[in-house]
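Taken together, the values in this text are just the output of simple stated rules run on the coordinates, not laboratory data. Note that the coordinates shown come from a computational prediction; the quantities given were computed from them, not determined experimentally. So basically every Cβ, Gly included, is an ideal-geometry build from the backbone, and we count neighbours across all protein chains shown.
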Amino acid sequence: MREPLRFTGKIMSVTVSRVADRWFASVTVDTEDAPRCRAENQGAVGVDLGASTLATLSTGEVFAGPKPHTALLKRLRRLSRSLSRKSKGSRNRAKARMRLARLHARIANIRRDALHKLTASLTRRFHTICIEDLHVRGTPRNRHLARSIADMGVTEFRRQLQYKAAMRGGWVMVVDRFYPSSKRCSACGHVMEEMPLSVRRWTCPECGTTHDRDVNAARNILANGLARLSGPTASSAEPEACGEKDSGAPSLCLVRETASMKQEVRFVPV
Ligand SMILES: [Zn+2]
């Protein structure tokens with residue numbers, strides 16, 4: 001195929017890769033800095049990543065996320081079974097393997113799409129975004145599901161937020177995972193002793209406020225992130241680097257713009 005590049009600049013490298021039966025060429029182009037478009041408001045938001053939903057915001061908004069699982073997982077099981085029944089080295093086995101690989105790629109694409117939409121929406125709308133440190137709380141029933149969220153979701157979520165926020169001059173605040181965001185009442189600060197994962201709504205015994213579990217957690221993450229922003233870390237000359245949290249304290253994560261952009265060209269299989 002032949003296609004003009006979307007970006008002008010010096011071509012730095014090309015990486016060719018294959019996912020299932022599709023080929024991709026990823027072209028890195030060194031460009032002029034992209035014009036900055038700022039976030040729509042200078043507001044801040046707390047984000048709670050969940051197991052049952054993709055994310056809950058401190059505003060009360062819920063991103064349900066894609067549900068490729070129920071329908072596609074059934075097909076995944078069927079194709080895996082079908083593959084294991086084919087005799088080794090046969091042409092039918094190769095075909096079955098390709099079908100399975102295509103389905104895996106499709107599920108991954110659905111997740112990736114949802115994640116990009118979420119991070120684009122957050123960075124477009126909010127200047128300061130507070131998130132929790134990489135960790136999926138609790139243990140969802142489905143281990144495969146837990147894996148997929150842990151493997152791709154959280155790490156990739158943070159990576160996307162950071163580079164997209166940087167493009168708009170925004171901030172990503174990372175709140176320590178040991179901060180009791182679920183157990184703490186966001187209204188009065190009372191910390192509950194226990195908060196089982198099954199409890200979706202609860203009422204604070206101190207102030208009587210009824211909370212949605214995830215919204216309350218997102219509000220706490222926001223409050224903790226903002227406290228850090230106006231605290232001693234913010235006034236120090238060098239913000240802590242992303243990903244270094246040996247001090248146990250929440251780290252301030254300042255992200256910078258990068259000069260290079262990536263363009264992906266898809267080769268249509270013949
Ligand atoms: Zn309370």
Dipole magnitude of the range 6-58 about its Cα centre, charges +1 at Lys/Arg Cβ and -1 at Asp/Glu Cβ only, in debye to the nearest 20? 180 debye
³J(HN,Hα), Karplus 6.51/-1.76/1.60, whole Hz, each residue of the range 105-122, x for Gly, Pro: 5, 5, 4, 4, 5, 4, 5, 4, 4, 4, 5, 5, 5, 5, 5, 5, 5, 5
Between SER17 and LEU197, what is the label-point separation in nm under the 7 Å Cα-to-beta-carbon projection? 2.9 nm
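How much length, in nm to one decimal, is gained on full extension between ARG177 and ARG2, taken as 0.36 nm per residue of separation minus their Cα-Cα distance? Mind dumping the intermediate values first?
Numbers: separation 175, 0.36 × 175 = 63.00 nm, distance 4.78 nm.
Length difference between fully extended and current span is 58.2 nm.
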For the range 1-92, the spread of Cα positions along each principal axis, largest first, Å: 59, 44, 16
